[in-house]
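The values are calculated or read from the model by the stated rules, or taken from the named source; none is laboratory data. Bear in mind that the values here come from a model prediction, so they are computed numbers and not experimental data. Neighbour counts run over all protein chains shown; Cβ positions are idealised from the backbone, glycine included. These area figures cover heavy atoms from the full protein model, side chains too; ligands, DNA and RNA do not enter into them. Shrake-Rupley method; radii C 1.70, N 1.55, O 1.52, S 1.80 Å.
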There are 2 protein chains.
Amino acid sequence: MTRFVLVAGTTETARIEGISAAGADPDLVAHTPSADAELIEYGHLVRAPTVPVSPTGCPTPAAVTRAVREQVGFETLVVDAGLAEPTGAPTVEVGAKPGRDIREADPVPTAPGAWVAARELGRALPDDELVVGETIPGGTTTALGVCRALGGEGSQPPREDGDAGEFPVSSSLPENPIDLKRRVIDDAFEASDLDPGAAAYRPKLAVRFLGDPALAVVAGLVAGALESGTDVILGGGTQMFAAAALVRHAGVADPLTVATTTYVAADTDLDSAAAALDCELVVTDPGFAGRDDPLARYAAGEAKEGAGMGGALSLAERSGSLGSVADGTLEVVERVNGSYGP
Amino acid sequence: MTRFVLVAGTTETARIEGISAAGADPDLVAHTPSADAELIEYGHLVRAPTVPVSPTGCPTPAAVTRAVREQVGFETLVVDAGLAEPTGAPTVEVGAKPGRDIREADPVPTAPGAWVAARELGRALPDDELVVGETIPGGTTTALGVCRALGGEGSQPPREDGDAGEFPVSSSLPENPIDLKRRVIDDAFEASDLDPGAAAYRPKLAVRFLGDPALAVVAGLVAGALESGTDVILGGGTQMFAAAALVRHAGVADPLTVATTTYVAADTDLDSAAAALDCELVVTDPGFAGRDDPLARYAAGEAKEGAGMGGALSLAERSGSLGSVADGTLEVVERVNGSYGP
């Protein structure tokens, strides 16, 4: 049996102006993971105030994941990786607290403990296959930070047998604010008194000082699941490559798949990144291009991924229901918002 | 769509010797609700140490509920109503903490807040129908206490239009320790400086001083669900009659069903209790009598109910799968324990 696991958390890194598109209103960004969890769990909001949309009205990828769930019928599990606002979705605790801005000295002190608890959870879950997604605004910045701490992105080879090449950094914004991200990460290295590559083979260190609680939980959960013989699909883009790097740096060599969308693949060179991490790569096109509704924003390069969308799409493709995902997504958004208009 | 809600909590009232059969080893009793939640959610244990069994090897009613779920396929939600031990099941928080022994002065100070939060949750859940069950060792004693505080059990009429008659007090033990329960409740009234009947029409007061956190959460959740037009089946015996009384004393007059097992019905006069509370009564026989396996303990009067068993059985009957519940239950117990032998 397949279970979809949503790892939902927050980092104050998302509050840096210009970093994230996850939420039209900056004050609502911290609600996004809580709302995404409710959408996937119930197909409705329960405690969260609004459906997360980008400033241009692009609906959250969680609506896509929910639409696939309504067609495919998989079971779900939400892990609290440091939620900052209430959610009506049931969650499992692993001791994670919201991450602070990575420009502080010790931004994610709960990361090592959450990793360990998530690893035990991953070992204990009875499922044959897990599809793991994340929802954490600001997460591509911390993912890039983690990969630089591990020694990727050309600064050091992450594995003894080769070079990781360039790490694929995507963005929820059409214009990726990559220079801003790099500056934030430079400041984070300085604040943590750590050098790029210094956390190679010490993944808990990387995620504690350059990362966020969701990455710690995803990596721990996946390591534990793989160790107990469970198949794992990482559903997502940049953050899931960072999670895969963390898992590999933890010494877990089992087969691992990253499933993402064509929108992330259009942004970056995923093949070489997947090869460097010894991951299988699955890229699914949800078919949002050329539509005259808000989903077209995805094809214009917005949102691109998140909340396990790429993983859910791979399940839709496997079950032959990919063709009805777009209409299903609009139905979810309309059901919750009353309309899906911009 | 139907959702099964398990309200899982603890009260230190269960630690009074002779009160409860929920757990063979007294040290494991506090794990029972956490284990029940995992069984229903996963059909396996994740963080809990063992499958709850009575001292004679009678498996927890949660195994029955899980077996029905595997046949009928309903969605689930676990609400944390004061769990005292870790669970790997995802839970929603409503601010409940473990209840203290009702012989203390203010045993459930979180009850009024948890009631309010659970009521909002009940209002917000998007489902057409909720089946609500509970798992809280010691819960029949607190249920009886609540009903006496509201004025039932012959001390005062609970509603202006009639007399509640005798409140149906069941037990997880074949020999109901009713005298012990009454003594504990007498002590509780004294400790709280409250008289029987003094909490009529003030249900939050009753549950705070004589009750437990699970009753507060069930009553709040059901009140909210009914107010928002959701159908509700209370799955259980004694505790669900107490929850129904709390809901009625909160002024909620909507139709309400109590679904329980023949084992509870054999213990007490449910018809008059249901009539007094203006509830429809559904009694389902799971067909465990005459078996040569541990389920026969149910027919001998053990366990009887719990973890929404009666509600789940009513769903099994509705879907025509009641005949396979017994074998399914043993399959669940065997899967988790390796065997179902005593």
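What is the residue count in the range A:125-152 for residues that are touching an Asp or Glu at 6+ places or on another chain (Cβ under 9 Å) and within 14 Å of another protein chain (Cβ to nearest Cβ)?
The total comes to 3.
Looking at (1) of a type outside the set (K, R); (2) outside any helix (DSSP H, G or I); (3) more than 30 Å from A:R202 (Cβ to Cβ), which is the one condition that is false for A:E317?
Answer for A:E317: the failing condition is (2).
Quick check: anything in the range A:52-61 open to solvent by 30 Å² or more (accessible area, probe 1.4 Å), in contact (Cβ under 8 Å) with a residue 60 or more places away in the chain, touching an Asp or Glu at 6+ places or on another chain (Cβ under 7 Å) and within 20 Å of A:K304 (Cα to Cα)?
yes
Out of all the residues in the range B:27-42, which are more than 20 Å from A:V92 (Cβ to Cβ) and either aliphatic (A, V, I, L, M) or within 14 Å of chain A (Cβ to nearest Cβ) (or both)?
Matches in the range B:27-42: B:L28, B:V29.
Inside the range A:82-96, can you point out the residues that are at the interface with chain B (Cβ under 7 Å from one of its Cβ atoms) and outside any loop (DSSP other than H, G, I, E, B)?
Within the range A:82-96, A:T91, A:V92 meet the criteria.
Please work out which residue is modelled with the lowest pLDDT, limiting yourself to the range A:152-172 and to residues that are open to solvent by less than 40 Å² (accessible area, probe 1.4 Å) and in contact with a Lys or Arg (Cβ under 9 Å, 6 or more places away or on another chain).
Taking the range A:152-172 first, the residues open to solvent by less than 40 Å² (accessible area, probe 1.4 Å) are A:152-153, A:158, A:162, A:164-165, A:167-172.
So of that shortlist, the ones also in contact with a Lys or Arg (Cβ under 9 Å, 6 or more places away or on another chain) come out as A:158, A:167, A:169-172.
Numbers: A:P158: 39, A:F167: 66, A:V169: 70, A:S170: 70, A:S171: 70, A:S172: 70.
Filtering the range A:152-172 for residues that are open to solvent by less than 40 Å² (accessible area, probe 1.4 Å) and in contact with a Lys or Arg (Cβ under 9 Å, 6 or more places away or on another chain), the one modelled with the lowest pLDDT comes out as A:P158.
State whether the residues of the range B:282-293 include one that is buried (at least 24 other Cβ atoms within 10 Å of the Cβ), in contact (Cβ under 8 Å) with a residue 12 or more places away in the chain and closer than 27 Å to B:I19 by Cα. Show your work before the answer.
The first filter runs over the range B:282-293 and keeps only residues buried (at least 24 other Cβ atoms within 10 Å of the Cβ), leaving B:286.
Filter again for in contact (Cβ under 8 Å) with a residue 12 or more places away in the chain, leaving B:286.
When the remaining residues are screened for being closer than 27 Å to B:I19 by Cα, the result is B:286.
Yes, there is a match, as at least one residue in the range B:282-293 is buried (at least 24 other Cβ atoms within 10 Å of the Cβ), in contact (Cβ under 8 Å) with a residue 12 or more places away in the chain and closer than 27 Å to B:I19 by Cα.
Quick one: in the range B:101-113, of everything that is part of a helix (DSSP H, G or I) and away from every other protein chain (no Cβ under 14 Å), which residue is nearest to the chain's Cα centre (by Cα)? Steps first, please.
Filtering the range B:101-113 for residues part of a helix (DSSP H, G or I) gives B:111-113.
Now drop any that are not away from every other protein chain (no Cβ under 14 Å), which leaves B:111-112.
Details: B:A111: 16, B:P112: 19 Å.
Filtering first and then ranking leaves B:A111.
Just to be sure I understand, how many residues within the range B:270-281 are in contact (Cβ under 8 Å) with a residue 60 or more places away in the chain and surrounded by 21 or more Cβ atoms within 10 Å (Cβ to Cβ)?
4
Working only within the range A:39-50, note down all residues that are buried (at least 24 other Cβ atoms within 10 Å of the Cβ) and under 22 Å from A:E302 (Cα atoms).
Hits for the range A:39-50 are A:L39, A:I40.
Conditions: (1) of a type in the set (D, E, K, R); (2) away from every other protein chain (no Cβ under 11 Å); (3) over 13 Å from A:G9 (Cβ atoms). A:E75 meets all but one. Number of the miss?
So A:E75 meets the others, but not (2).
Kindly indicate whether B:I40 is assigned to a loop (DSSP other than H, G, I, E, B), in contact (Cβ under 8 Å) with a residue 24 or more places away in the chain and under 18 Å from the mean Cα position of the chain (by Cα). Show your work before the answer.
Details: assigned to a loop (DSSP other than H, G, I, E, B): no; in contact (Cβ under 8 Å) with a residue 24 or more places away in the chain: yes; under 18 Å from the mean Cα position of the chain (by Cα): yes.
No: the conditions fail for B:I40.
In the range A:43-60, which residues are away from every other protein chain (no Cβ under 14 Å) and more than 15 Å from A:V29 (Cβ to Cβ)?
Scanning the range A:43-60 gives A:T56, A:G57, A:P59.
From A:A303, A:A259, which residue is hydrophobic (A, V, I, L, M, F, W, C) and more than 21 Å from A:E75 (Cα to Cα)?
Working: A:A259 fails: more than 21 Å from A:E75 (Cα to Cα).
Within the list A:A303, A:A259, the selection yields A:A303.
Examine the range A:173-185 for a residue that is in contact (Cβ under 8 Å) with a residue 60 or more places away in the chain and within 16 Å of the chain's Cα centre (by Cα), and state whether such a residue exists.
The answer is yes; a qualifying residue exists.
What about A:T76, is it modelled with pLDDT under 95, open to solvent by less than 20 Å² (accessible area, probe 1.4 Å) and of a type in the set (S, T, N, Q)? Show your work before the answer.
Numbers: modelled with pLDDT under 95: no; open to solvent by less than 20 Å² (accessible area, probe 1.4 Å): yes; of a type in the set (S, T, N, Q): yes.
No; evaluated as a whole, the condition is false for this residue.
Hey, any hits in the range B:4-17 for a residue that's surrounded by fewer than 20 Cβ atoms within 10 Å (Cβ to Cβ) and free of Cβ contacts under 8 Å to residues at least 60 places away in the same chain?
yes
Pull up the range A:222-242, narrow it to residues that are small (G, A, S) and farther than 30 Å from A:G301 by Cα, then point me to the one that is surrounded by the most Cβ atoms within 10 Å (Cβ to Cβ).
Result: A:A225.
Of all the residues that make up the range B:61-72, how many are in contact with a strand residue (DSSP E or B) (Cβ under 8 Å, 6 or more places away or on another chain) and either within 14 Å of chain A (Cβ to nearest Cβ) or hydrophobic (A, V, I, L, M, F, W, C) (or both)?
Pass one, the range B:61-72, residues in contact with a strand residue (DSSP E or B) (Cβ under 8 Å, 6 or more places away or on another chain): B:62, B:65, B:69.
Filter once more, so that each one left must be either within 14 Å of chain A (Cβ to nearest Cβ) or hydrophobic (A, V, I, L, M, F, W, C) (or both): B:62, B:69.
So the count comes out to 2.
Could you list, in sequence order, the residues of the range A:253-269 that are of a type in the set (A, V, I, L, M) and open to solvent by less than 10 Å² (accessible area, probe 1.4 Å)? Walk me through it before giving the result.
Residues of the range A:253-269 that are of a type in the set (A, V, I, L, M), as a first pass: A:253, A:256, A:258-259, A:264-266.
A:L256, A:V258, A:A259, A:V264 - these are the residues of the range A:253-269 that are of a type in the set (A, V, I, L, M) and open to solvent by less than 10 Å² (accessible area, probe 1.4 Å).
If we keep just the residues of the range A:25-37 that are surrounded by fewer than 24 Cβ atoms within 10 Å (Cβ to Cβ) and in contact (Cβ under 8 Å) with a residue 60 or more places away in the chain, which is farthest from A:A299 (Cα to Cα)?
Initial filter on the range A:25-37 (surrounded by fewer than 24 Cβ atoms within 10 Å (Cβ to Cβ)): A:25-30.
If we keep only those that are in contact (Cβ under 8 Å) with a residue 60 or more places away in the chain as well, we get A:29-30.
On the way: A:V29: 23, A:A30: 25 Å.
Result: A:A30.
If I ask for residues that are open to solvent by 40 Å² or more (accessible area, probe 1.4 Å) and β-branched (V, I, T), which ones from the range B:96-123 would you list?
Filtering the range B:96-123 down to residues open to solvent by 40 Å² or more (accessible area, probe 1.4 Å) leaves B:97-98, B:100, B:103-106, B:109, B:113, B:116, B:119-120, B:123.
Within the range B:96-123, B:V116 is the sole residue that qualifies.
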